[in-house]
Amino acid sequence: MDHEESSESSGPSMPPILPDELPPNVEYLFSTKTGSHVYICGTAHVSEQSASDVAEVIRLVQPDSVVLELCKSRVGLLLPPKEDDDSEPPSLMETIKTRGLFVACLSHFYSNVQDQLDIVPGIEFKSAFEEAKKLEKVCKVLLGDRPINVTMKRTWGALSTIEKIKFMYHIVMTSNISITSEDIEMLKDPEVLQQMFIELAEQFPSIMEPLIYERDMFLSQRIKTGILVSI
C-alpha cells in the first residue's frame, strides 16, 4: 500500500499513519527516491483477521494505490461467487488431469482447510479490493505477483524426483489434519514463519528459490519500477 509524497523532498517526511498505530504484521518503508510511504501487510490466505487487518490499514492510511500479491489469472478471487452456481467443485482426479499433480494436491490441501475454517482462501485480497473502492479519493488497485502458472511450473520443475515424491506424500498426509483459526494466526508470527521456512528448506532444498525468493524479487521489482497490472 503506497501513499505518495513529493519526490523533491530532501528527507523522509512523517508517515501519514505511524506504524505503531496499525495492526501487527505491518511493516513501514519510505522511498527516498519517490518520497512514497509504503505499508507492507503480512497476511495468511485463510484468515479472517488478515482480512480485517488489511481493511483497517487502508481506512487509516488512505493510500493512493494498493498492490495485491495476485496475478491476472487469480482475479476471480476478488469477485463475489455466483449465486446460481450449484455445480460441484472438480474432484482431485479431475484437477490432476486438467491442472497437473502439483497444483491438484495444493488445491486439495486448501480445500480441506477451507472446509474446516469455512473461509475462502484469499479472503484478504477481496477485503483489500473492496475497501480500496470505498475510499472517497481515487485509489488504484494493482496486481504485483508473478503468473501462478509460471511459479507452479518452475517450482515443480526444480524438485528432484525424490523431492516430488516426498512433497506429494507430505501434502496428502497433512491435508486432513485438524486446523483452527488460532493455528493460522500463529503462522503469521515472524519467528514461527522463519522456523517454518527453515524446515521447508531442509526437507525440500529446491523449493524455496522458485516458490518464495523469486516471487519476492518479482514483486519488489514490480513495485520499485511501477510496472504493475491495474484492475
Worksheet entry | the range 98-122 residues that are of a type in the set (Val, Ile, Thr), paired with ones that are surrounded by 18 or more Cβ atoms within 10 Å (Cβ to Cβ) (beta carbon under 6 Å, 6 or more apart) | 113/46; 119/46
Practice prompt. Look at the range 131-176 and say how many of its residues are in contact (Cβ under 8 Å) with a residue 60 or more places away in the chain and polar (S, T, N, Q).
Written response: 5
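For every residue, the table says whether it meets (1) aliphatic (A, V, I, L, M); (2) out of contact with any helix residue (DSSP H, G or I) (no Cβ under 7 Å at 6 or more places or on another chain); (3) in a loop (DSSP other than H, G, I, E, B).
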position	(1), (2), (3)
156	no, no, no
176	no, no, yes
185	no, no, no
198	yes, yes, no
206	no, no, yes
Worksheet, complete the sentence: Across (1) open to solvent by 30 Å² or more (accessible area, probe 1.4 Å); (2) under 30 Å from residue 221 (Cα atoms); (3) at pLDDT 80 or above, residue 107 clears everything bar (3)
Worksheet item: When both residues are 6+ apart or on different chains and their Cβ atoms are under 7 Å apart, which pairs have a first residue that lies in the range 206-231 and is in contact (Cβ under 8 Å) with a residue 40 or more places away in the chain and of a type in the set (Ser, Thr, Tyr), and a second that is open to solvent by 40 Å² or more (accessible area, probe 1.4 Å) and outside any helix (DSSP H, G or I)?
Response: 206/160; 230/140
Worksheet item: Which ones in the range 110-145 are charged (D, E, K, R), open to solvent by 30 Å² or more (accessible area, probe 1.4 Å) and within 30 Å of residue 170 (Cβ to Cβ)?
Response: 115, 118, 126
Practice prompt. Give the range 16-45 a look and list any residue that's charged (D, E, K, R) and within 19 Å of the chain's Cα centre (by Cα), or say none.
Written response: 27
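Conditions (1) of a type in the set (A, V, I, L, M); (2) open to solvent by less than 40 Å² (accessible area, probe 1.4 Å); (3) under 22 Å from residue 124 (Cβ atoms), marked per residue:
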site: 159; (1), (2), (3): yes, yes, no
site: 163; (1), (2), (3): no, yes, no
site: 167; (1), (2), (3): no, yes, no
site: 176; (1), (2), (3): no, no, no
site: 188; (1), (2), (3): no, yes, yes
site: 192; (1), (2), (3): yes, no, yes
site: 197; (1), (2), (3): no, no, yes
site: 201; (1), (2), (3): yes, yes, no
Worksheet item: Is the range 74-89 home to any residue that is β-branched (Val, Ile, Thr), modelled with pLDDT under 75 and assigned to a helix (DSSP H, G or I)?
Response: no
Worksheet item: Of the residues that sit in the range 56-74 and are farther than 21 Å from residue 216 by Cβ and open to solvent by 10 Å² or more (accessible area, probe 1.4 Å), which one is nearest to the chain's Cα centre (by Cα)?
Response: 56
Practice prompt. Filter the range 216-231 for residues that are surrounded by 15 or more Cβ atoms within 10 Å (Cβ to Cβ) and in contact with a strand residue (DSSP E or B) (Cβ under 9 Å, 6 or more places away or on another chain) and give the result.
Written response: 219, 222, 223, 228, 229, 231
Worksheet item: Failed condition for residue 119, given (1) farther than 17 Å from residue 41 by Cβ; (2) part of a helix (DSSP H, G or I); (3) β-branched (Val, Ile, Thr), with all others met?
Response: (2)
Worksheet entry | So residue 213, is it open to solvent by 80 Å² or more (accessible area, probe 1.4 Å), among the hydroxyl-bearing types (Ser, Thr, Tyr) and within 21 Å of residue 99 (Cα to Cα) | no
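The values are calculated or read from the model by the stated rules, or taken from the named source; none is laboratory data. Everything quoted here is computed from the prediction, not taken from an experiment. Glycine gets a Cβ as well: all are built from the backbone with ideal geometry, and neighbour counts include every protein chain shown. Surface areas here come from the heavy atoms of the whole protein model, side chains and all, with no ligands, DNA or RNA. Shrake-Rupley method; radii C 1.70, N 1.55, O 1.52, S 1.80 Å.
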